[in-house]
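Worksheet: one structure, shown below.
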Amino acid sequence: MNATIALLPGDGIGREVTAAASSALMAVADQFGHAFDLQAYDVGGAALDAGQVPLPAETLKGCLAADAIFLGAVGNPKFDGEPPARRPEAAILQLRRELGAYANLRPAYVWPGLEDSGSLKPEVVKGVDVLVVRELTGGLYYGQPRGVAEDGQSAFNTMRYSVEEIERIAAVAFESARLRGKRVTSVDKANVLETSRLWRQVVTDVGERYPDIDLGHEYVDACALLIASKPRRYDVILTENLFGDILSDESGAIVGSLGLLPSASIGGKVGLFEPVHGSAPDIAGHDKANPIGAIGSVAMLLRHALKLDAEATAVEQAIGEALTAGYRTVDLMPIPGKSPVGSKSMATAIIERIRAAA
Ligand code: IPM
Ligand code: MG
């Protein structure tokens, strides 16, 4: 297959993990006989530093012309004082919206051998396998009106959801559950928010079309507690934009490290794939970043955007094999007697195993 993939390294460790992701893509191309044309573009703080806007027109054009987009991370504390439109994060928010990528899939599972990597007891996390389905182009992130009052003494954002927006993301969650554990937990704050009451109503209605799926509803505060105390009770968590942002980071802590989590943003013109972690300026350039979230995002890209299932599985198996062989970046609990490895060594260990795939 011939495919064009837009690479947006962005900022901080985004650059390091994008290098790992592109090596993984090239290994898949060689091993399985595909031709991937990788085209890199500026985005986020890197674009601002080059005197451009966070999402330059050329970057957006390249993304729209590609078969899939891989993004490393955006964010740099040096832009903290800037207005929202001049911050690196504006790039990703605008890109998601321009693409119409409303469905964000964030799987979190415990890799065998990593049960003791996080702060929870191994017997609590063993076997955890959750998929957070996060609505990505609505809610507080985009609702109008938003702004700061003229006197600077107050500020406001608007949480807004339409029936149509809820219906389409709910359908993604139910369809995903059909391929997994057949359970959907819809997370809202229906005891307080009108948007959540509408959310619960619409999700319930859509659920009637999926009698084979067991649907439950939870308030977001209860879910935040239960996911940390009984994480195995979840299969698919369906939730709105901000709640999904928060709960997906929490699921990173549960499975051992945020650096492990991949994501896919689909449903729009072109699929967008990125690790869940941010630009981590504190460790950028120190060869410490865990490339697994990025390489796992490559697997999601292969599966969702290019429909290359066997290739996606080979990448995931290579990650599992590198972990089984004892490779651990510093964010993961080291194996007794073994030193942690750098970002590049971890990526190389995985890529060698992709190249050895049958
Ligand atoms: C994420 C990030 C983004 C978000 C930021 C960088 C805008 O935290 O993808 O989870 O809030 O969606
Ligand atoms: Mg986040």
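The values are calculated or read from the model by the stated rules, or taken from the named source; none is laboratory data. Note that the structure is a prediction, hence the values are computed from the model and not measured. We place every Cβ from the backbone using ideal geometry, glycine too, and count neighbours over all the protein chains shown. Accessible surface is based on the protein model in full, side chains and every heavy atom, while ligands, DNA and RNA are left aside. Shrake-Rupley method; radii C 1.70, N 1.55, O 1.52, S 1.80 Å.
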Going through 352, 316 one at a time, which residue ends up being open to solvent by 80 Å² or more (accessible area, probe 1.4 Å) and modelled with pLDDT of 95 or more? 352
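Restricting to segment 155-174, name every residue that is touching a residue at least 12 places away in the same chain (Cβ under 8 Å) and open to solvent by 70 Å² or more (accessible area, probe 1.4 Å).
157, 160, 167, 168
Would segment 130-153 turn up any residue that is assigned by TED's automatic domain parsing to the domain that holds residue 243, hydrophobic (A, V, I, L, M, F, W, C), more than 22 Å from the chain's Cα centre (by Cα) and surrounded by 13 or more Cβ atoms within 10 Å (Cβ to Cβ)?
Within segment 130-153 (the criterion being assigned by TED's automatic domain parsing to the domain that holds residue 243, hydrophobic (A, V, I, L, M, F, W, C), more than 22 Å from the chain's Cα centre (by Cα) and surrounded by 13 or more Cβ atoms within 10 Å (Cβ to Cβ)), the answer is no, since none of the residues qualifies.
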Those strands (runs of 3 or more DSSP E) lying entirely in segment 178-279 with at least 2 residues surrounded by fewer than 16 Cβ atoms within 10 Å (Cβ to Cβ) and away from ligand 2 (no atom under 16 Å from the Cβ): 214-219
Given (1) under 28 Å from residue 43 (Cα atoms); (2) touching a Gly at 6+ places or on another chain (Cβ under 8 Å), identify the lone condition not met by residue 271. (2)
For residues that are in contact with a Phe, Trp or Tyr (Cβ under 9 Å, 6 or more places away or on another chain) and without any contact (Cβ under 8 Å) to a residue 60 or more places away in the chain, tally how many sit in segment 225-251. 1
